[in-house]
Amino acid sequence: MSDAESPSSFDPTAQSFEPVSVFPDAEDMDLRPGADNCYKCTACDTSCPVAEVDDEFPGPKFQGPEQWRLKRKSDEAVDDSIMSCSNCMRCDNACPSSVPLSQMHNTARAEYVDEEMDKLSREYLRNRTLANYRTLASVGSKVPRLTNFVMGNSIVQKINEKILGITAEREFPDFATETFRQWWNKRGGPKVRSEEKRVAYFHGCYSNYNTPEVGKAMVRVFESFGYEVVVPKQGCSGTPMFANGMLADAKREAGITVDNFSGLIDEGYDVIASCTSCSMSLKQEYPELFSMDGIEDLSIHTYEAMEYLRIHEDLEGAIADASVEEQAFAYHAPCHARNQGLDRQAVELFRDLDGVVIEDVGDSCSGISGTYGWKEEKYETSMKIGEEMFGHMEHSTGNVGMTECPTCSMQMEHGTGYDIKHPLQLLEEALVE
Amino acid sequence: MGPPSYPGLRLEDLLFDALDDAGVRISDGNPAVGYETAADGDTLESITIDRRGREIPYHAEQFILATGGLVGKGISSDRNGVYEPVFNCYVPHSDDRYQWFSEDAFGEHPFATFGVPIDEHCQPLTAEGKTEFSNLRAAGGVIGGVDPTAEKSKSGVSLATGYAAGREAGEAI
């Protein structure tokens with residue numbers, strides 16, 4: 001078992017794929033049924049958080065089925081507005097006809113980046129850097145205190161904005177002084193072994209480098225229910241790469257995930273993510289965008305952490321018997337959690353927990369959408385989308401935020417100044433001695 | 001979709017507040033794709049939800065089918081027939097596809113009334129007039145026998161059957 005090893009020595013900046021030749025995959029994809037199923041009801045457009053605040057943005061119906069049809073007639077270039085789609089994927093859920101809108105957007109965006117974007121442009125380099133956050137993080141977290149000091153420096157932030165186009169308005173998230181994987185190795189791996197109840201944890205980048213307390217909570221909660229938890233080698237889920245049209249990078253990461261998790265699935269492990277965008281990526285985007293051996297199998301064995309416990313354990317019963325110190329939360333459901341049908345789970349579970357007040361702050365998007373709100377030219381749009389959520393947070397009883405998504409939590413903190421917790425942290429407090 | 005009307009929005013808020021007060025679990029974003037019955041074949045035990053490829057059973061004592069009509073995809077059709085996709089409830093329609101519509105654009109189109117027939121307890125009925133399942137009720141657009149567009153009766157049918165089906169299901173628990 002290699003679950004105690006550190007992430008691969010693999011260097012994601014190495015150009016093992018030529019970015020120019022990535023797109024044949026998408027040409028092979030048959031998107032016609034998707035386009036033909038669209039009867040232009042416009043439910044997707046009314047659900048789009050970007051279109052709501054940006055009058056220039058033509059909306060998901062255009063980005064998906066309409067643009068696809070346009071391109072059949074003549075060799076039209078993909079419109080540059082595709083880069084304003086934040087990949088929140090709300091349109092997928094809104095569509096009553098199962099049009100694979102986000103799949104169409106992801107492929108159109110990849111084609112745009114591939115064919116229209118100058119690979120030496122500031123925008124391309126900035127997007128590539130943001131999309132490969134894991135690479136940055138793996139370097140930065142080697143010297144966390146220095147990185148936190150440097151990145152927190154306002155002059156550095158100004159330079160980032162001027163040179164790279166990364167907004168100076170936001171504070172970079174601090175790197176933990178000990179990553180989740182360092183903690184895991186020091187701990188000596190799993191404390192519980194089981195033949196029947198076993199899960200492989202996809203912690204993703206953020207709970208490894210920035211919020212290891214979330215990863216630790218996942219391990220402790222699952223172990224308290226008698227699960228064997230293993231932590232295979234892994235890279236990024238690919239989420240920021242889809243959103244930036246970097247499909248070759250995403251494919252590389254998907255390959256790493258499939259390689260390291262497939263064998264475990266055969267041994268009876270299910271795959272658990274604590275980040276709802278990671279679980280979304282493994283469940284939906286992988287099989288929609290890439291064909292690889294084992295990718296479908298990985299998809300149907302992937303669950304978000306609380307989703308899994310609600311299905312397999314009597315979580316309600318355990319919570320009904322527990323109590324914690326009095327605390328009140330303003331909960332925001334990430335768009336990607338919503339798309340997996342997970343938007344109600346934290347509120348429904350914790351409202352029965354003694355000591356806790358929890359309120360849903362509404363169904364709006366937080367607006368940050370991963371790397372989107374970090375871009376200088378998107379910052380304003382991002383904050384406009386977030387306004388509704390900030391207002392509802394301020395009007396709720398809770399003065400601590402709660403969400404499953406790392407970047408939603410950045411946005412919640414940025415807009416309100418609240419501390420933000422992950423539901424697993426409260427589960428740990430309630431259920432683990 | 002856009003909101004129906006102010007009374008509709010207010011009613012929706014009232015409903016969701018009442019559901020929260022009652023501690024009801026709500027889940028959407030994943031389609032219902034099948035069901036399981038008790039050994040008698042007549043009592044539903046669970047519906048199966050497709051969560052991105054994982055089929056998860058949701059258990060309940062009483063079930064209400066409120067999946068909408070032809071446009072909402074609660075009723076589906078293909079070249080071979082018209083059907084209700086979750087429970088395969090009976091949907092009366094002609095075997096001859098050319099009988100589904102009228103030549104007159106503003107005439108009485110049979111397709112407009114496609115849906116499941118129900119009894120006075122809102123329970124879907126088979127072709128023989130028996131209840132499909134002892135603990136299944138239907139409400140809203142999935143119900144057949146009405147042409148809500150021509151009659152302008154959509155809200156009325158939905159409100160009346162939603163109320164009746166919900167009450168009866170609650171009383172049966």
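Every read-out reported here was derived from the displayed coordinates using simple, explicitly stated rules and does not represent laboratory data. If you're wondering where the values come from, they're calculated on a predicted model, not measured in any experiment. We place every Cβ from the backbone using ideal geometry, glycine too, and count neighbours over all the protein chains shown.
Within the range B:68-84, being within 12 Å of chain A (Cβ to nearest Cβ) and at negative phi holds for B:69, B:70, B:71, B:72, B:74, B:76.
Picking from residues in the range B:68-122 that are in contact (Cβ under 8 Å) with a residue 40 or more places away in the chain and among the charged types (D, E, K, R), the one that is surrounded by the most Cβ atoms within 10 Å (Cβ to Cβ) is B:84. Meeting the requirement of 1 or more residues that are of a type in the set (S, T, N, Q) and facing chain B (nearest Cβ under 10 Å), the helices (runs of 4 or more DSSP H) wholly within the range A:234-314 are A:276-280, A:295-300. Scanning the range A:170-189 turns up one or more residues that are of a type in the set (S, T, N, Q), surrounded by 20 or more Cβ atoms within 10 Å (Cβ to Cβ), part of a loop (DSSP other than H, G, I, E, B) and more than 17 Å from the chain's Cα centre (by Cα). Among (1) surrounded by fewer than 19 Cβ atoms within 10 Å (Cβ to Cβ); (2) more than 10 Å from chain B (Cβ to nearest Cβ), which single condition is residue A:361 missing? (1) is the only condition that residue A:361 fails.
So for the range B:133-141 (the condition being within 14 Å of the chain's Cα centre (by Cα) and farther than 28 Å from residue B:38 by Cα), does at least one residue qualify?
Scanning the range B:133-141, I find no residue that is within 14 Å of the chain's Cα centre (by Cα) and farther than 28 Å from residue B:38 by Cα, so the answer is no.
Against the conditions (1) within 13 Å of chain A (Cβ to nearest Cβ); (2) under 17 Å from the mean Cα position of the chain (by Cα), residue B:16 satisfies every one except (2).
Give the number of residues within the range A:54-104 that are out of contact with any Gly (no Cβ under 6 Å at 6 or more places or on another chain) and part of a helix (DSSP H, G or I). Residues meeting the conditions: 25.
Name the pairs: first residue in the range A:384-399 and without any contact (Cβ under 8 Å) to a residue 24 or more places away in the chain, second residue assigned to a helix (DSSP H, G or I), Cβ to Cβ under 7 Å, at least 6 apart or on different chains? Going by the 7 Å Cβ cut-off, the qualifying pairs are A:394/A:416. If you go through the range A:77-106 and keep only what is more than 14 Å from chain B (Cβ to nearest Cβ) and on the phi > 0 side of the Ramachandran plot, you end up with just A:87. Residue B:117: in contact with a Pro (Cβ under 7 Å, 6 or more places away or on another chain) and over 26 Å from residue B:8 (Cβ atoms), yes or no? Against the criterion (in contact with a Pro (Cβ under 7 Å, 6 or more places away or on another chain) and over 26 Å from residue B:8 (Cβ atoms)), residue B:117 qualifies. Scanning the range B:42-67 for residues that are in a loop (DSSP other than H, G, I, E, B), surrounded by 16 or more Cβ atoms within 10 Å (Cβ to Cβ) and within 11 Å of chain A (Cβ to nearest Cβ) gives B:52, B:67. For the range A:403-430, a residue qualifies if it is farther than 22 Å from residue A:137 by Cα, part of a helix (DSSP H, G or I) and not small (Gly, Ala, Ser), and the qualifying residues are A:416, A:423, A:424, A:425, A:426, A:427, A:428, A:429. Just to check your reading of the model, which residue among A:367, A:398 is in a loop (DSSP other than H, G, I, E, B), more than 14 Å from chain B (Cβ to nearest Cβ) and over 30 Å from residue A:124 (Cα atoms)? Being in a loop (DSSP other than H, G, I, E, B), more than 14 Å from chain B (Cβ to nearest Cβ) and over 30 Å from residue A:124 (Cα atoms) holds for just one of A:367, A:398, which is A:398.
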